[in-house]
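The values are calculated or read from the model by the stated rules, or taken from the named source; none is laboratory data. The shown structure was predicted, so the numbers you read here are calculated from the model rather than taken from an experiment. Glycine also receives a Cβ, built like all others from the backbone with ideal geometry; neighbour counts cover every protein chain displayed.
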Amino acid sequence: MEETNLTKGNTDQQQIRNWKQTTQENKRGTWTIFPDLCKGCGLCIEKCPTQVIYWSEQLGFMGTPAVETRMEGCIVCGLCETVCPEPAIRVERKAKGKIPPTQVV
């Protein structure tokens, strides 16, 4: 059996997968979607308090549409990341002292 180390420092049978991602940013933080992990369930769209998540033209791993966000209205609350049954969404807030007041568009 042949072992393949994909990066330095990997040990026995570890493999690293570089997932395709799309990251968007606003003044409050960043929002990242991993379309290869999105199964298109729509829970994030349903639960978004500002309704800025929508269906993308890009397909997820089950052949269903992945999602995108309109960052100018995103409050970076992380609810979409919480309700996503897969690790397809990553939300990162910026430092608390630098977050401007919420403006819903």
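For Val91, all conditions in the list (1) in contact (Cβ under 8 Å) with a residue 60 or more places away in the chain; (2) in a loop (DSSP other than H, G, I, E, B) hold save one; what is the number of the exception?
Of the numbered conditions (1) in contact (Cβ under 8 Å) with a residue 60 or more places away in the chain; (2) in a loop (DSSP other than H, G, I, E, B), the odd one out for Val91 is (2).
If only one of Gln51, Gln14, Gln103 is modelled with pLDDT of 95 or more, assigned to a loop (DSSP other than H, G, I, E, B) and out of contact with any Cys (no Cβ under 7 Å at 6 or more places or on another chain), which one is it? Before you say what the answer is, go through the steps one by one.
On the way: Gln14 fails: modelled with pLDDT of 95 or more; Gln103 fails: modelled with pLDDT of 95 or more.
So the residue among Gln51, Gln14, Gln103 that is modelled with pLDDT of 95 or more, assigned to a loop (DSSP other than H, G, I, E, B) and out of contact with any Cys (no Cβ under 7 Å at 6 or more places or on another chain) is Gln51.
Can you name the number of the only condition in (1) at pLDDT below 95; (2) crowded, with 19+ Cβ neighbours inside 10 Å that Leu59 fails?
All conditions pass for Leu59, except number (2).
Across segment 13-54, what is the total count of residues that are touching a residue at least 24 places away in the same chain (Cβ under 8 Å), basic (Lys, Arg) and over 13 Å from Ile89 (Cβ atoms)?
Qualifying residue count for the region: 2.
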